Structures are given as C-alpha cells and as structure tokens.
Amino acid sequence: MSVTLTDINRAEVLQYLGWRGSEIPPEVSSQLDSCLTDTLSLAAPRIVWQAFQPETLPDGLLQGNDIRALLADCREYVLLAATIGSAIENAIRRAQVRGLTRALILDCCGSTAIEAVCDAAEEEIQTTLGAAYLTDRFSPGYGDLPLAVQPYFLAALDAERRIGLTLTPSGIMTPRKSVTAILGIADTPQPHRFRGCACCSMFETCTYRKAGKTCGRQ
C-alpha cells in the first residue's frame, strides 16, 4: 500500500549532514531547500505490514537478546517494510556526476524521508489495530539482531511482490532507501529511545547544539 509524504524534517536532514555550530550559509540553505523539494516530488512511498501473535511469528526473526528484551511485554508483533522507491537513488547518482555536495544532501533527504514514511506507517498500524502502546521500531542490524535475518523479513511480508523490495546477493536492500523493522504491541507504556535534537523546533538556533551539547529534554 502507498502512503502520502507531505513534509520532510529539515532539521533532521541537517542532523544527518552533521551540521554543527555556525548558521547555515545562504547558498547551502538554498541547495537544501531545492533538494527537499526534489525529494518530495521523487519519493514514491510504499509500505507493507502484518501483525502476528508471538506463536505465529515466522521462524528465524527473533535472533539475539536485544529484540527479545524489547518485545518482552508485548502481546502481538508487527513486521513492517517500507520504501520510497528508486527515483531518489537515480537522482543521487546523477548529482554525483556534477558534484558531491548536492548528492550528499539528496542522500540525507532520502534517509529522512524514509524515516517519515515509517512514522506514518506506525500511525496507521496503531489506528488500524487499536494498539494501546507500541515499542520502538527495531531493524535488522540494531543491537545484536543480525542483518542476516533480512530475508526472513522480506519473505514473511512478501515484500518483493507487494512493494518491490528485494535484497542483493550481498544483502543490501533495493531500493536502498528502504527499511524493515519489527514493533511490539503492549497494554502498558513502553520505553522509547531519545529522539534527538532534530525533533526540536529550536534546532537551528539552539546554543546547546552549537556547542556540541544537548539539553536532554526529548
């Protein structure tokens, strides 16, 4: 299924770029705005998800201790796969021919965009299932959950047929700006990771951030 992407968090793109300290030069700001516009026009978000009872979850997915700890209080699990398509990758490759700066900004815009798509998918999951509480998304490669479980994720969701998401022989997802993750559904509040400065409205002017610090309020 498809979702609509209407906005990309500018501050989060800057965080991906590692921007620190001084104000953003006008020429960089202008190029960033151009890349944000292009990313919104090129992105073709698609998601697929499915809920499982713990006893019906396909074998091979829950490898390692971290994912089991995350899901310890959960009565149901949700597998999610999302992509923004390949057009943005093609734009990044074209930009690399002309110069690396625009290519880098586009790449960071794509990373931010797919996270926004996953956030929208979470909202859909919570509404559709009437879920009281969700855990954080947990993807292969996080903690001790190995990347080797990716084929199990894609197979369980039939992701190649449903959203065109595949793996290369070396295990890289194609399109590259894609995410697979597992979430848990619980009846009690679940701890969440610190979301970071990109979620703060003071991102571009914050004196803490310019000094390489954080207020720790989020």
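Computed from the coordinates by the stated procedures, all read-outs in this text should not be read as laboratory data. These numbers come from a predicted model, not from an experiment. Positions of Cβ are generated from backbone atoms using ideal geometry, with glycine treated the same way; all protein chains shown enter the neighbour counts.
Among the helices of the chain (complete DSSP H runs), which have Cα atoms covering no less than 20 Å along the helix axis and a Kyte-Doolittle mean of at least -1.0?
What comes out of the filter, once short or polar helices are dropped, is 26-42, 100-129.
Among the GluC sites (Glu not before Pro) in region 1-91, which ones are in a DSSP loop with at most 15 other Cβ atoms within 10 Å of the Cβ? Mind listing them?
Within region 1-91, the qualifying GluC sites (Glu not before Pro) (loop, at most 15 other Cβ atoms within 10 Å) are 23.
If we count every other residue with Cβ under 15 angstrom of residue 73's Cβ, Lys/Arg +1 and Asp/Glu -1, where does the sum land?
Taking every Cβ under 15 Å from that of residue 73, the sum is -2.
Can you tell me the length gained on complete extension of the stretch residue 73 to residue 160, counting 0.36 nm per residue apart and subtracting the Cα distance?
28.2 nm
Determine the gain in length on full extension of the stretch residue 66-residue 50; use 0.36 nm per residue of separation and subtract their C-alpha separation, reporting nm with one decimal.
3.6 nm
Based on the Cβ-Cβ distance from residue 133 to residue 34, what FRET efficiency comes out when R0 is 35 Å, to the nearest 0.05?
In this case the efficiency is close to 0.35.
Taking the chain as a Gaussian network, where each spring joins two C-alpha atoms under 10 Å apart, which residue of 100, 42, 183 fluctuates the most?
Largest GNM mean-square fluctuation: 100.
Give me the net charge for the shell around residue 128: Cβ to Cβ below 13 angstrom, other residues only, Lys and Arg +1, Asp and Glu -1.
-4
Over region 78-159, what is the relative contact order in whole percent, taking alpha-carbon pairs under 8 Å and six or more residues apart?
Computed over region 78-159, the figure is 31 percent.
Place a +1 charge on the Cβ of each Lys and Arg in region 1-76 and a -1 charge on the Cβ of each Asp and Glu, then give the dipole magnitude about the Cα centre in debye, rounded to the nearest 20.
For this selection, approximately 60 debye.
May I ask for log10 I(q)/I(0) of region 1-68 at q = 0.11, 0.20, 0.22 Å⁻¹, from a Debye sum over the Cα atoms as equal point scatterers with solvent left out?
Listed by q, the Debye log ratios stand at -0.54, -0.88, -0.96.
For region 127-192, calculate the relative contact order in percent as a whole number, restricting contacts to Cα pairs under 8 Å that are 6 or more residues apart.
RCO, region 127-192: 51 percent.
Using the charge dipole of region 32-180 (Lys, Arg: +1 at Cβ; Asp, Glu: -1 at Cβ; taken about the Cα centre), state which of 173, 153, 49 has its Cα farthest towards the positive end.
173
Over all alpha-carbon pairs in the chain, figure out the percentage whose distance exceeds 22 Å.
Summing the P(r) tail past 22 Å for the chain gives 55 percent.
Between the alpha-carbon centers of region 1-42 and region 95-121, tell me the distance in whole angstrom.
Here the two parts' Cα centres lie 8 Å apart.
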